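The values are calculated or read from the model by the stated rules, or taken from the named source; none is laboratory data. Given the structure is predicted, the values throughout are model-derived calculations rather than measurements. Cβ placement follows ideal geometry from the backbone for every residue including glycine, while neighbour counts extend to all protein chains displayed. All accessible areas refer to the heavy atoms of the entire protein, side chains included, with ligands and DNA or RNA removed. Shrake-Rupley method; radii C 1.70, N 1.55, O 1.52, S 1.80 Å.
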Amino acid sequence: MKLVVITNRAAPFDPNKPQTGGLAAGLEPVVERSGAVWIGSSKTRGDGIERPLPLVPTGAGHVARLDLPVADHPGYYRGYSNSTLWPALHSLPERMSVSEDDFGSYRRINDFIARAAFDVRDRDAFWVHDYHLLPLGPICIGSASSGRQAFFYTRHGRRPK
């Protein structure tokens, strides 16, 4: 199976340093051995100009680190993802902060990632990981109509209805 994993951040894949997160420690060997593609953000913020998916070989697989648009990143990450969705998915509605501007940034970042992932649309399965990427689930499920599989996972809280 040709798998695509899409997460908020991609692992560094540095053989000289042990992975510190559970997701990175678990997925890095899978990508390296199976030929999977892991798409996630880099630590660098970009200008929002779309480019071909930057696939970097790592073992049998590839990692693609996207420079998410600097203009939308604060509203996407600190704003909508962590000030609206995180409290909602943890049954803490009193801690939610809602902003149309943050939601717009959240949608634009997810659209940016979806357009980048279009380069690997021929894969068999997509694993969209975490609440930062809720809009990507339906996009990948749309790809599943041609015989592909799409999986959606939220690390924290409940699966949205």
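Filter the chymotrypsin sites (Phe, Trp or Tyr not before Pro) in region 12-92 down to the DSSP loop ones having no more than 10 other Cβ atoms within 10 Å, then list what survives.
Passing both the DSSP loop test and the Cβ count: no residue.
Round to the nearest 0.05 the FRET efficiency obtained for residue 92 and residue 30 when R0 = 30 Å and r is the Cβ-Cβ distance.
It comes out at approximately 0.35.
For the chain, with all protein chains present and a 1.4 Å probe, just round the carbon and sulfur fraction of the accessible area to a whole percent.
It is 54 percent, rounded to a whole number.
Rolling a 1.4 angstrom probe over the protein chains, ignoring ligands and nucleic acids, what is the accessible area of residue 103 in square angstrom, nearest 10?
Surface open to solvent at residue 103 totals about 90 Å².
Per residue and in Å³, how big is the convex hull formed by the alpha-carbon atoms of the chain? Intermediate values should be presented prior to the final figure.
Working: hull volume 18.4 nm³, N = 161.
Per-residue hull volume (Cα only) is 114 Å³.
In bins 10 Å wide, starting from 0, what share of all Cα pairs of region 1-69 does each bin hold, as a percent?
Cα pair-distance distribution for region 1-69, in percent: 21, 54, 23, 2.
Let's see if you can work this out: charge +1 on each Lys and Arg Cβ, -1 on each Asp and Glu Cβ, no other charges. What is the dipole magnitude of the chain about its Cα centre, in debye to the nearest 20?
340 debye
With every protein chain kept in place and ligands, DNA and RNA left out, what is the accessible area per residue of the chain? Probe 1.4 Å, answer in Å².
Per residue, the chain has 55 Å² of solvent-accessible surface.
From the residues 58, 77, 97, which one has its Cα farthest along the dipole of region 1-143 in the positive direction, the dipole being from +1 and -1 charges on Cβ of Lys/Arg and Asp/Glu about the Cα centre?
58
If I require 20 Å or longer along the helix axis, counting alpha carbons, and a Kyte-Doolittle average no lower than 1.6, what helices from the chain are left? Use full DSSP H segments.
none
Helix-derived [θ] at 222 nm for the chain: sum -39500 (n - 2.57) over DSSP H runs of at least 4, divide by residue count, nearest 500? Intermediate values should be presented prior to the final figure.
Values: 4 runs with 44 residues, N = 161.
Value at 222 nm, helices only, nearest 500: -8500 deg cm²/dmol.
Name the residues whose placed amide hydrogens come within less than 5 Å of the amide hydrogen of residue 67, ignoring near sequence neighbours (fewer than 5 apart) on the same chain.
Residues meeting the amide H criterion: 42.
Is there a quick way to get the dipole size of region 5-66? I mean about its Cα centre, with the Cβ of Lys and Arg at +1 and of Asp and Glu at -1; what is the value in debye to the nearest 20?
The calculation lands at about 120 debye.
Given Cβ point charges of +1 (Lys, Arg) and -1 (Asp, Glu) and nothing else, what value in debye, to the nearest 20, does the dipole of region 64-114 about its Cα centre take?
Charge dipole, region 64-114, about its Cα centre: 160 debye, nearest 20.
Tell me which residues come under 5 Å, amide H to amide H, from residue 9 once H is placed; ignore anything under 5 positions away on its chain.
So residue 9 has HN proximity to 41.
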